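Heads up: the structure comes next, in structure tokens.
The values are calculated or read from the model by the stated rules, or taken from the named source; none is laboratory data. Since the structure is predicted, the reported quantities are computational estimates derived from the model, not experimental observations. Cβ sites come from the backbone with ideal geometry, for glycine too, and all protein chains shown count toward neighbours. Note: accessible area is taken over every heavy atom of the protein model, side chains too, but ligands, DNA and RNA are not part of it. Shrake-Rupley method; radii C 1.70, N 1.55, O 1.52, S 1.80 Å.
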Amino acid sequence: METVLSGIRSTGNLHLGNYFGAVKNFIKMQNENNCFFFIADYHSLTTYPTPHDLHNNVRMVLAEYLATGLDPEKSAIFVQSDVREIPELYLLLNMNAYVGELERTTSFKEKIRTQPENVNAGLLTYPVLMAADILIHKANKVPVGKDQEQNLEMARKFAKRFNFMYKVDYFPEPQPYNFGEELVKVPGLDGTGKMGKTAGNGIYLVDDEKTIRKKVMSAVTDAGPTVMNQQMPEPIDNLFSLMKLVSEQSTIDFFKDKYNSCEIRYGDLKKQLAEDIIKFNLPIREKILEISSDNDYMRKVASLGAEKARASASQTLKDVREIIGFKSF
Ligand code: TRP
């Protein structure tokens with residue numbers, strides 16, 4: 001059985017794109033592997049959340065993942081800051097991470113460009129902390145999106161470097177977990193590209209009915225087809241792709257026929273799509289709200305997860321300290 005570790009940003013709610021993409025695969029993944037899922041709240045400090053936001057973001061994200069089907073019995077679901085072994089490994093890995101290689105990462109260069117007024121050391125060593133997250137559980141596989149591939153490559157580099165420096169074969173080199181063909185791409189509402197790529201083009205699992213209707217009704221369309229059976233431009237094709245996720249086949253067929261005969265009214269299609277998304281979202285939304293307000297349950301889940309994560313992390317740290325040469329008198 002492989003050890004899979006998945007890091008979840010503590011900022012940003014889950015949208016339908018996340019749900020039909022990664023999250024559905026996570027739910028399957030946890031049946032076949034030794035899984036760790038954690039919420040990366042230390043990482044979020046690079047952007048200075050208020051104490052109130054820091055906690056509430058973690059609460060919401062944890063509730064969302066539980067509501068969508070992550071199982072605290074099957075996996076270790078934990079909050080990063082509950083595992084103090086992570087910062088200690090981070091400190092140790094920092095000694096073998098070079099400023100030059102950290103400065104050259106795309107995400108750091110991007111930060112220098114977009115927020116020159118706040119280039120903190122946490123941003124520079126972000127990949128080291130991420131490597132600590134992964135290596136502390138000696139994870140073999142890490143599901144990552146395109147934007148995190150370089151960070152994972154750095155984690156491999158730090159693992160190899162540690163093994164080489166101390167002439168051990170201790171850390172496995174973490175590989176990307178490949179969802180393969182199963183990864184569904186969910187389009188956004190702004191006509192082009194994936195949901196979540198641009199702010200405001202997504203429907204969140206916690207969105208209420210009014211918000212969903214408003215968002216769907218303002219989705220980008222065009223002037224309508226003028227030739228029978230003409231090919232659909234991207235914005236319209238996207239709306240049908242969303243329908244495929246939440247609507248009945250007969251509904252999709254109905255609007256396809258209307259499109260092909262040039263009789264379609266996009267307003268009607270959007271109204272139907274909004275209602276079908278609401279029907280799909282509502283039970284999940286209710287579950288998220290129920291879980292997030294049940295503090296006893298939240299506490300139980302977080303402490304069970306922390307306990308599992310600490311058991312694995314403290315063993316790794318004990319080994320690493322020994323390898324490096326720390327000894328008690
Ligand atoms: N950096 C990741 C993101 O922004 C989150 C993350 C932190 C992570 N630590 C990780 C992902 C470890 C995978 C493994 O999405």
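Can you give me the number of residues within segment 163-180 that are surrounded by fewer than 16 Cβ atoms within 10 Å (Cβ to Cβ), in a helix (DSSP H, G or I) and either on the phi < 0 side of the Ramachandran plot or within 10 Å of the ligand (Cβ to nearest atom) (or both)?
2
Residues checked against (1) in contact with a Lys or Arg (Cβ under 9 Å, 6 or more places away or on another chain); (2) among the hydrophobic types (A, V, I, L, M, F, W, C); (3) in contact (Cβ under 8 Å) with a residue 60 or more places away in the chain:
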residue	(1), (2), (3)
173	yes, no, no
186	yes, yes, yes
193	no, no, no
196	no, no, yes
210	no, no, no
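Suppose we filter 203, 134 for residues that are open to solvent by less than 30 Å² (accessible area, probe 1.4 Å) and outside the structural domain of residue 319 (by TED's automatic domain parsing); which single one remains?
Of 203, 134, the one residue that is open to solvent by less than 30 Å² (accessible area, probe 1.4 Å) and outside the structural domain of residue 319 (by TED's automatic domain parsing) is 203.
From the set of residues in segment 137-158 that are more than 10 Å from the ligand (Cβ to nearest atom) and out of contact with any strand residue (DSSP E or B) (no Cβ under 9 Å at 6 or more places or on another chain), which is most open to solvent (accessible area, probe 1.4 Å)?
Here the answer is 146.
When you check residue 147 against the structure, is it modelled with pLDDT under 95 and over 19 Å from residue 35 (Cα atoms), yes or no?
So residue 147 passes the test.
In segment 70-103, which residues are more than 24 Å from the chain's Cα centre (by Cα) and open to solvent by 20 Å² or more (accessible area, probe 1.4 Å)?
Residues of segment 70-103 that are more than 24 Å from the chain's Cα centre (by Cα), as a first pass: 88, 91-101, 103.
Residues satisfying the conditions are 88, 91, 92, 94, 95, 96, 98, 99, 100, 103.
Under 29 Å from residue 60 (Cβ atoms) and of a type outside the set (Ser, Thr, Tyr): which single residue out of 223, 155, 159 fits that description?
The conditions single out 155.
Looking at segment 1-48, which of its residues are of a type in the set (Ser, Thr, Tyr), within 15 Å of the chain's Cα centre (by Cα) and within 12 Å of the ligand (Cβ to nearest atom)?
6, 10, 11, 44, listed by residue number.
What about residue 237, is it under 18 Å from residue 257 (Cβ atoms) and acidic (Asp, Glu)?
yes
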